[in-house]
Each structure stands twice: as structure tokens, then as C-alpha cells.
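Working notes for the structure below.
The values are calculated or read from the model by the stated rules, or taken from the named source; none is laboratory data. Quick caveat, the model's predicted, so the values are computed rather than measured. Here the Cβ positions follow ideal geometry from the backbone for every residue, glycine too, while neighbour counts run over all protein chains shown. These accessible areas exclude ligands, DNA and RNA; they are computed on the full protein's heavy atoms, side chains included. Shrake-Rupley method; radii C 1.70, N 1.55, O 1.52, S 1.80 Å.
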Amino acid sequence: MIRFENVTKRFGSFVAIDNLSLDIYEREFFALLGPSGCGKTTMMRMLAGFENPSEGNIELDGADIVDVPPNKRAVNMMFQSYALFPHLSVHDNIAFGLKREGMAKDKISARVAEMLRLTRLEKFASRKPHQISGGQRQRVALARSLAKAPKLLLLDEPLGALDKKLREETQFELMDIQEKTGTTFVIVTHDQEEAMTVASRVAVMDAGVLKQVATPSQIYENPNSRYVADFIGDVTILEGRARKEGNRYELAWADGQPPIVAQSALEIGPGDTCYYAIRPEKVEIHHDKPEDDNVLQGKVIDIGYLGNISTYHVQLANGQTIRAQNFNTERSTQQAFTWDDTVWVNWTDRCGILLAN
Amino acid sequence: MRRAIVYLIPFTWLLVLFLVPFLIVFKISLSDVALARPPYTPQLDLSQGLSGILDFVRELDFENFIFLTTDSLYWKAYLSSLKIAAVSTFLTLLVGYPMAYAMARAREDWRPTLLMLIILPFWTSFLIRVYSWMGILGTEGYLNQLLLWLGIVSTPLQILNTNWAVYIGIVYTYLPFMILPIYSQLDRLDGALLEAAEDLGCSRASAFWLVTFPLSRPGVIAGCFLVFIPTLGEFVIPSLLGGSSTLMIGKVLWEEFFSNRDWPVASAVAVVLLIILIIPIILFQKNQQKQAEAEA
Ligand SMILES: Nc1ncnc2c1ncn2[C@@H]1O[C@H](COP(=O)(O)OP(=O)(O)OP(=O)(O)O)[C@@H](O)[C@H]1O
Ligand SMILES: [Mg+2]
């Protein structure tokens, strides 16, 4: 439905978006994820029509939209700052776009009532934006951008200002609304958990380039680069040289440490530098040496207690730290492992990911 | 205690510089003319004690106010002042709004300079600036010379000593009072609101009328009052630039005081003017208060 074709955007000599191509499909909940300044808002602004690409095409439903002004696009945006009209009531804010279409009065009020119900704002219809809470304001902004039933809804860090609890609630609300309305959503966020929760597909961006576009689980379990692995979730990355051993690779990564074995479909030449990423929840921690692949000995130097899980930082003899996570299934204040314990960590050959770059 | 002092200072200020002079003027307005010094009776004679005060009060009356209603000159002057003040406020708004708008949209680093330029005229005497308009608007003035030279008119236009000259003078003098409050509103307008309006289907022009203008309204209202209130009692501009047909209450007031030396009637005129002004002043205060609340 949306197609970015070799889009480049420059501000002066600064390249904000670098020769980027991307397809977003109908009814998709698509998340743009990346660090601050990587060009997420710029992408959105190009979709909404506030910014024109310096090079390349943007198509919406097969038609080039580069020259279509924002007020003529079937695209609505929910602004990072909400941008509610302070002089208009909640009701009039939501009706604003409909009135511009010249819709009949009774149709407008029906539509606004529907939006108010959807976002559970019925009680606040006659209030002004400064008379409602931050969370309610955010819902007004959402209702306003949904009211015109756009083909495409852009959400620029819609939940940035909310506290964790309200944020999670709203995330599910958003997903619910997306399902009910069948609108294509593109959401910008730099909160990776948020992207993983709401989106059906996630694009990880860095400095104007797409690093990977895939489903949340693919991004998490099969990142295609160190950057993506490191950006999404918690990970330990080791560097070494891999050698093919049957259907597995053996990674020599440090003197005095056993090689790491990994299954991988990747083609890596002998002697090439490559990387190995292992997530803490896949690492087991033991008092006694287990019989398995990838067994390493170390000392607990740090413990992060999060209530449901504990993260152990285990330092190996060569100084490398490996993180291991344990669920605290037993209700006890006595931890199974404590500082300076000598422990063994291990994981199977399928748990880690071998990365070429 | 400290609070009390903080309140006391402005109240004393008001008392000494506004209320007391007002009461004096009010007292004079209740007196009668006399060929004396000061030119009115009765005089308060405190040496007579209480009976002196009673005698004094007994002689005060509202005669002068009744007189104001009998001579059509006065209410015509009030009406004409209201009309001139209203028209020139509107003209000032027409000229000032686009200037404020342009300033608010100018590049960030230009704005302090532009603000400076708006305030700059205050650095020369108001009188000199009004006099120089006489040089510009007169039949031999620069404006007519220019128009003649361009061939737009064949005989000099009579602008000076008409209401037009008064309007020009007022718009010129009070323009900064209009521009500054509007500018300060427009300056803090969030650009994202205009983008949101456009995103929801507004053209640039309708976004202006539906978003920019309503949001600058407190500034417009403040600016209009700041122009309207002093213009209503304006004296210098109509007497220097206006003609004999320009009827403004400030001029009448001056003539009563200095030509007729009828202080009591002049004082009555002043008191009525003040009462007329109280309405817009209260409205102005309300507007400011509402705005402050909206921003809180
Ligand atoms: N109008 C502009 N002029 C010059 N540079 C700009 C402009 N807009 C954006 N940039 C630059 O383009 C880059 C991308 O900006 P963008 O706003 O898209 O970042 P972002 O990914 O949305 O970041 P954040 O997560 O902080 O919102 C930034 O380095 C920014 O400085
Ligand atoms: Mg952004």
C-alpha cells in the first residue's frame, strides 16, 4: 500500500534518510524503531506531506503522492505533541477534520459520538484540552486522527508522555482500535518493547538507513546484524573466528576459553571475523558443571533483581561478562546464587545467533 | 506582615496618584464657576469647624452634570470620540495584525531587531512625531508633493485638519500597542497546530482563520483596548492634526478648562469620560485575567 522507492531526504548537506526503500502493506501495524535522530519523524512527515523527499518516490495505493499537499492526502497523523486545538472543545477537535470535508451535520455528530465511544471520552466531550489529563488528551488526539477514517494513520511517539501503566493499557487499546477499524497504522517509537508489543512488523532504523524489517519475533530471535541484536533487548556479543564443523560452526573467540558451537545457515568463510550474540534468558546458570555444549566457568559479579527475574553478570577468567537470567519461581528471599559464587553457565548450540556483521 | 507591605505599595500608589486627584476633580465638578482664584466656589473653610464642612457640602450639587445633558455639544463630542476611537482602533488592527504576523513568522534571529524597530519611535518625543506628521500631510507637505510629482493628483489633497489626519496620527502613534500583544500571542503559537490543521484537510488560508486567528484573539483584544482606551480621551492628535470639524471630548475638555475657564463643567466632562472608560477597562481586565487562567 505504501511504497518508498529509493527515497533520500537531505536537510542542507545532512542526509536524514539515505536511499531507503520500503513496502508497508494494507491493514498492517507497522513500527519504526530507532535511536533519536535516526530519521523516524522525517519518514512520517514525508508520508503526511510536510516534507518532500529530495530524491525518490513515495507511493500510496500505487499513486505517487510526492506532489499531493497534506490536506489532500488520505493520511492522518497523530502528532508527537498531540497538537490539539486549545480553543476548541474535545468534541470540536474531533469534528475538525470532518467539518473540513463538508460532511452533513448529523453525520458529523454521529461520527464524533462513535469516536468518543471508541476512545472512551464521552464524558469529556465538552471540555477544553487543558481541562483533561495527559492520557485523555492523547486519546483525543487519536480520536481526531481516526475520525476521518484515513487509509493510513501515522502515530509519532504517541505514548511518549504516558506513564508505564497507562502506556501499556493504551498500547492494547491501539491494537484493538487498529483491528476494529482496519486502518493501516505506522507507529514511531524509540521504545523497543512498545514496538514489539503493538506491531505486526518492525523496522529498525539507524542514521537514515533501514537495518532490518521483520516481525517482532524474527527481529528478536534472528537479528541480521550486531546493531539490531544490540538495539532490541538485552544481549551479550562476542567476537571471534568461525570454522565450519559438519552442520555447525565452531567459534574461537578467546584464548583459554572453549570454542562456542552454533548452528547457523549463514555462510562464513574460514578465518573471517564474525560475531556471536546470546540473550541472557537463554543462558542457564548452575553450581555444578553441566554436560552440554557451550559450558563456561565464571564468577558472579553482579545481580540485578527485578522481582520476577534475576539477571546474573558472570565474569569469565578472561574478563568477558556473560549475562544469565533466571526466573524466580520460588518465593524466597534467599537467592540461589550470590556474589562471588563460582558458577557454570551454558546454552545449547541453537540458542545463540551467529552474525557476519 | 511582609505581604501587607507588598499590597500596600500599589494601593498607596493608586490612592495618592489616582483616587485623591479623582476626588478633587469630582469635588470641583460639583462646584459652581466663580471669578476667583481658584475659579470655583465653594471653598472648604476648615477654620469654621464642623459647620464649615456642612456649609461646604450643602453648596455642592450636580448642576454641571445636568448642564452636560442639555447642551448637545457634549454628548455629540462623546459620541464622536467613541466613533473616532472605534474606527482608529479598527484601522490600527488592520495595519498591526499583518505586521505582528510577519514578525512572528520572521526568522528567529531577526525578531529581536524587528521588535526593536517597533519600539524605536518611543525614543523620540511624541509631540515632535505628531508635528512631523503636519509636515507630511499638509497641502505643501511631502505626501502631496509626492502625489503631485507622480501625477496621481493634480491639486493638493486636503488631508491635514480632517478626520483622516487624525486617523493617520492615531494609527501611527498607537501601532506598537497593537502589534506587541498580538505578536506575543502569535509568537508562542505552536507550529504543529497549523500542520495538524492542514493534515485534517485545511488549506493554508482556512488554517489561518480556524486556528491562527482564534488563538491570537486574546492579543487582538488586548491590543484593541490598549489603543481604544487612550484614544477616547486623546487631545494632542485631534488638536494638532484635526480640523475644526473634528469633535473629540479631549478637545472640549481642554477648551472648557483653558478657554472658558469653567473648571466645574470641565471637571464634570472629565468625570463622565472616566465613567465611560471604566467599562472597557473592566472588560480589558477580564480579558487579561481569562488569558492568564487559560495559560496556567
Ligand atoms: N528541518 C530540519 N532541518 C535540518 N535538519 C533536520 C530537520 N528536521 C530533522 N533534521 C535532522 O534530521 C535527522 C532526523 O530527524 P528526525 O526528526 O526524523 O529524528 P527522529 O528519528 O524522529 O528522532 P527522535 O526519536 O528524537 O524524534 C536529525 O538528525 C535532525 O537533526
Ligand atoms: Mg521524532
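How much area per residue is accessible in chain A when the probe is 1.4 Å and only protein heavy atoms are counted (Å²)? Provide the component values of the computation, followed by the final result.
Details: 16700 Å² over 357 residues.
In whole numbers, chain A has 47 Å² accessible per residue.
Tally up the carbon and sulfur contribution to the accessible surface of segment A:18-140 as a whole percent, 1.4 Å probe, everything protein left in place. Walk me through the numbers before you get to the answer.
Details: 2470 of 5470 Å².
So the carbon and sulfur contribution to the accessible surface is 45 percent.
Give the angle, between 0 and 90 degrees and rounded to the nearest 10, that separates the Cα long axis of helix B:72-105 from the longest principal axis of the Cα atoms of chain B.
30
For helix A:164-181, report the angle its Cα long axis makes with the longest principal axis of the Cα atoms of chain A; keep it between 0 and 90° and round to the nearest 10°.
It is inclined by approximately 60 degrees.
Show me, for segment A:253-262, the HN-Hα J-couplings you get by feeding each phi into the Karplus relation (A = 6.51, B = -1.76, C = 1.60, θ = phi - 60°), rounded to Hz, glycine and proline as x.
Once θ is set to phi - 60°, the couplings for segment A:253-262 become 10, 7, 5, x, 10, x, x, 9, 9, 8 Hz.
Over segment A:203-277, what is the relative contact order in whole percent, taking alpha-carbon pairs under 8 Å and six or more residues apart? If you can, show how the numbers build up before the last one.
Numbers: 108 pairs, mean separation 18.4, N = 75.
Across segment A:203-277, relative contact order equals 25 percent.
Using a 1.4 Å probe over the heavy atoms of the protein chains, calculate the carbon and sulfur portion of the accessible area of chain B as a whole percent.
In chain B, the share of accessible area belonging to carbon and sulfur is 71 percent.
Please give the average number of partner chain Cβ atoms lying within 10 Å of the Cβ of each residue in A:70-82, rounded to a whole number. Intermediate results must be reported in sequence, preceding the final value.
Values: counts 8, 10, 3, 3, 0, 1, 4, 6, 2, 6, 1, 4, 4.
Partner Cβ neighbours, averaged per residue: 4.
Given a 10 angstrom Cα cut-off, can you work out which residue in B:Lys27, B:Lys76, B:Lys286 is the most mobile in a GNM of chain B?
B:Lys286
Working out 0.36 nm times the residue gap between B:Thr69 and B:Trp110, then minus their Cα-Cα distance, what length gain in nm do you get to one decimal?
Numbers: separation 41, 0.36 × 41 = 14.76 nm, distance 5.35 nm.
Roughly 9.4 nm would be gained on extension.
For chain B, take the longest principal axis of its alpha carbons; what is the angle in degrees between that and the long axis of helix B:163-187, to the nearest 10 within 0 to 90?
Tilt relative to chain B: about 60 degrees.
Where in segment A:1-99 are there GluC sites (Glu not before Pro) that are in a DSSP coil and have at most 12 other Cβ atoms within 10 angstrom of their Cβ? Mind dumping the intermediate values first?
Values: sites: A:Glu5, A:Glu26, A:Glu28, A:Glu51, A:Glu55, A:Glu59; in loops: A:Glu26, A:Glu28, A:Glu51.
Passing both the DSSP loop test and the Cβ count: A:Glu26.
Show me, for segment A:196-211, the HN-Hα J-couplings you get by feeding each phi into the Karplus relation (A = 6.51, B = -1.76, C = 1.60, θ = phi - 60°), rounded to Hz, glycine and proline as x.
Per-residue couplings from phi come out as 5, 5, 8, 8, 8, 9, 10, 10, 9, 10, 8, 6, x, 10, 7, 8 Hz.
Residues with amide H under 5 Å of A:Arg27's amide H, sequence separation 5 or more or different chain, H placed in the peptide plane at 1.01 Å from N; which?
Amide H neighbours of A:Arg27, under 5 Å, 5+ apart: A:Thr184.
GluC sites (Glu not before Pro) within segment A:269-356: which are DSSP loop residues with at most 16 other Cβ atoms inside 10 Å? Each step should come with its number before you reach the end.
Details: sites: A:Glu281, A:Glu284, A:Glu291, A:Glu330; in loops: A:Glu291, A:Glu330.
Listed in order of number, the matching sites are A:Glu291, A:Glu330.
For chain A, just run the numbers: alpha carbon Rg, then divide by 2.2 N^0.38 Å, N being how many residues it has. Provide the component values of the computation, followed by the final result.
Values: Rg = 24.8 Å, N = 357, 2.2 N^0.38 = 20.5 Å.
This ratio for chain A stands at 1.21.
For the cross-link pairs A:Lys123/A:Lys165; A:Lys123/A:Lys180; A:Lys72/B:Lys290; A:Lys72/A:Lys123, which exceed 26 Å when the distance is taken from alpha carbon to alpha carbon? Walk me through the numbers before you get to the answer.
Numbers: A:Lys123/A:Lys165 22 Å; A:Lys123/A:Lys180 22 Å; A:Lys72/B:Lys290 37 Å; A:Lys72/A:Lys123 32 Å.
Over 26 Å apart, Cα to Cα: A:Lys72/B:Lys290; A:Lys72/A:Lys123.
Using DSSP to define loop residues, name the trypsin sites (Lys or Arg not before Pro) in segment B:81-156 whose beta-carbon has at most 10 other beta-carbon atoms within 10 Å. Intermediate values should be presented prior to the final figure.
On the way: sites: B:Lys83, B:Arg105, B:Arg107, B:Arg129; in loops: B:Arg107.
Hits after loop and neighbour filter: B:Arg107.
Distance cut-off 27 Å, Cα to Cα: go down the list A:Lys107/A:Lys164; A:Lys105/B:Lys286; A:Lys40/A:Lys151 and report the pairs above it. Mind showing how you got there, number by number?
Details: A:Lys107/A:Lys164 37 Å; A:Lys105/B:Lys286 34 Å; A:Lys40/A:Lys151 20 Å.
With Cα atoms farther than 27 Å apart: A:Lys107/A:Lys164; A:Lys105/B:Lys286.
Contact order normalised by length for segment B:182-296, with contacts defined as Cα pairs under 8 Å and 6 or more residues apart; what percent is it? If you can, show how the numbers build up before the last one.
On the way: 73 pairs, mean separation 27.5, N = 115.
Computed over segment B:182-296, the figure is 24 percent.
Return a whole-number percent for the relative contact order of chain B, with Cα pairs under 8 Å and 6 or more residues apart as the contact set.
Numbers: 317 pairs, mean separation 77.8, N = 296.
It rounds to 26 percent for chain B.
Longest segment of chain A with no trypsin sites (Lys or Arg not before Pro) in a DSSP loop having at most 13 other Cβ atoms within 10 Å? Please report the intermediate quantities before stating the final value.
Values: sites that count: A:Arg27, A:Arg120, A:Arg331, A:Arg350.
After excluding every exposed loop site, the longest remaining stretch is A:121-330.
Could you give the nm distance between label points at A:Ser126 and B:Tyr7, where each point is 7 Å from its Cα heading toward the beta carbon?
Computed distance between label sites A:Ser126 and B:Tyr7 equals 3.6 nm.
Sort A:His130, A:His87 by heavy-atom solvent-accessible area, probe 1.4 angstrom, most to least. Can you show the working numbers first?
Details: A:His130 100, A:His87 45 Å².
The most accessible residue leads, giving A:His130, A:His87.
Please list, ordered by chain and number, the residues whose modelled amide H lies under 5 Å from the amide H of A:Leu152; skip anything fewer than 5 residues away on the same chain.
A:Asn76
List the residues of segment B:175-199 for which accessible area in the full set of protein chains is at least 40 Å² lower than for the chain on its own; 1.4 Å probe, protein heavy atoms only.
So the qualifying set is B:Leu193, B:Glu195, B:Ala196, B:Glu198, B:Asp199.
Tabulate in residue order the Karplus-calculated ³J(HN,Hα) for segment A:287-293, using 6.51 cos²θ - 1.76 cosθ + 1.60 with θ = phi - 60°, rounded to whole Hz; enter x for Gly and Pro.
Working through the residues one at a time gives 7, 10, 5, x, 9, 6, 6 Hz.
What are the residues whose amide H is under 5 Å from the amide H of A:Ala16, where those residues sit 5 or more places off or on another chain and H is modelled from the backbone?
Residues meeting the amide H criterion: A:Lys9, A:Arg10, A:Phe11.
Looking only at B:Ala222, B:Ala36, B:Ala266, which one moves most when chain B is put into a Gaussian network model with springs between Cα atoms under 10 Å?
Judging by the Gaussian network model, the answer is B:Ala36.
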